[in-house]
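Colleague: Okay, handing you the structure first.
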Amino acid sequence: MDWFAYFAYNRENLMHIDWDSTYCLTPQEVDTILRSLQQFQLGESSEGKHFIARAEQYVKRSGDTAYMPALRLFIQEEQRHARDLGRFMEEQELPLAQKDAVDSAFRFLRGLIDLEVMVFVLVMAEVFAMTYYKALHDATQAPVLQQICRQILRDEVKHLQFQGGMLAKIQRGRSAPGLFITRFLQRFLFTGTLFVVWMNHKQVYQASGFTFGKFWRKNWQHFVHTVEPQVKRIMPFTEQVSGS
């Protein structure tokens, strides 16, 4: 797939967001989503400096010159998510977070590791985004927030394909024992992160009808569909906004 062409097309063909909506979040809705939304909005705002530096090293080694232009548009798309969420929060008079412990830990980790682990960390973030923005969509009645969530969910389907494909490309040619160890470590890290995400965002998930069991199952489905090589399909966007 020509990822640069896709991201360029998507930038010019966004879904409509009714910024003129006068809906105000209720105090209960604010209490449910505020801390969680602050963390996700901050996480989407990364400039990706460490990622770009590692990616440039990879391009020099591999000759994969198509990767950098697509990656830059991908990062811009993530930053658009942050801008849209930030604009919604400002219009609702909700404070933006300047720093968050979990976000800081992820950024610190990304600054120390190689491209493969960076891509895997991003894959995990995209996997959780699929269930989180579905939950956030259902947790309030705010039309603007719901429209933002639908746009992000549509974007995330392709983000998973983009990052999952890159991860497979990096791991191509690895021996069977090496892949077995890689998969084991990935699953171990993902399992631990599942608990961290649930503890930090369970109010939003529970407000939308997610139990811990459903949260666990849905995220594992997205993870396997993206990371495990024998499974090719990624769950369609329509299931994210209407499925159970």
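The values are calculated or read from the model by the stated rules, or taken from the named source; none is laboratory data. Everything numeric in this text was worked out from a predicted model, so none of it was measured. Counting neighbours? That spans all protein chains shown, and the Cβs are built from the backbone with ideal geometry, glycine included.
Colleague: Within the range 132-184, can you find the residues that are hydrophobic (A, V, I, L, M, F, W, C) and out of contact with any Phe, Trp or Tyr (no Cβ under 9 Å at 6 or more places or on another chain)?
Modeller: Listed by number, the residues that qualify are Leu160, Ala168, Ala176, Leu179, Phe180, Ile181, Phe184.
Colleague: Still on this model: Filter the range 1-49 for residues that are under 28 Å from Gly164 (Cβ atoms) and of a type in the set (Phe, Trp, Tyr); which is modelled with the lowest pLDDT?
Modeller: Per the stated criteria, the residue is Phe40.
Colleague: Just checking, does the range 123-145 include any residue being modelled with pLDDT under 95, out of contact with any helix residue (DSSP H, G or I) (no Cβ under 6 Å at 6 or more places or on another chain) and either surrounded by fewer than 18 Cβ atoms within 10 Å (Cβ to Cβ) or assigned to a helix (DSSP H, G or I) (or both)?
Modeller: Within the range 123-145, one or more residues are modelled with pLDDT under 95, out of contact with any helix residue (DSSP H, G or I) (no Cβ under 6 Å at 6 or more places or on another chain) and either surrounded by fewer than 18 Cβ atoms within 10 Å (Cβ to Cβ) or assigned to a helix (DSSP H, G or I) (or both).
Colleague: Name the residues in the range 10-42 that are in a helix (DSSP H, G or I) and of a type outside the set (A, V, I, L, M, F, W, C), would you? Even if it seems obvious, please write down each step before you answer.
Modeller: Our first condition is that a residue be in a helix (DSSP H, G or I); within the range 10-42, this holds for 10-11, 27-42.
The answer is Asn10, Arg11, Pro27, Gln28, Glu29, Asp31, Thr32, Arg35, Ser36, Gln38, Gln39, Gln41.
Colleague: Same structure, new question: Could you run through the range 205-220 and say how many residues are surrounded by fewer than 19 Cβ atoms within 10 Å (Cβ to Cβ), within 22 Å of Leu189 (Cβ to Cβ) and touching a helix residue (DSSP H, G or I) at 6+ places or on another chain (Cβ under 7 Å)?
Modeller: The total comes to 2.
Colleague: Suppose we filter Ala82, Ala53 for residues that are part of a helix (DSSP H, G or I) and surrounded by 15 or more Cβ atoms within 10 Å (Cβ to Cβ); which single one remains?
Modeller: Ala82
Colleague: Additional query: Identify, from the list Gly173, Gly164, the residue that is among the small types (Gly, Ala, Ser) and not in a helix (DSSP H, G or I).
Modeller: When all the criteria are applied, what remains is Gly173.
Colleague: Looking at (1) over 25 Å from Thr26 (Cα atoms); (2) charged (D, E, K, R); (3) surrounded by 18 or more Cβ atoms within 10 Å (Cβ to Cβ), which one does Arg183 not meet, given that it meets all the others?
Modeller: Tallying (1) over 25 Å from Thr26 (Cα atoms); (2) charged (D, E, K, R); (3) surrounded by 18 or more Cβ atoms within 10 Å (Cβ to Cβ), Arg183 fails exactly one: (3).
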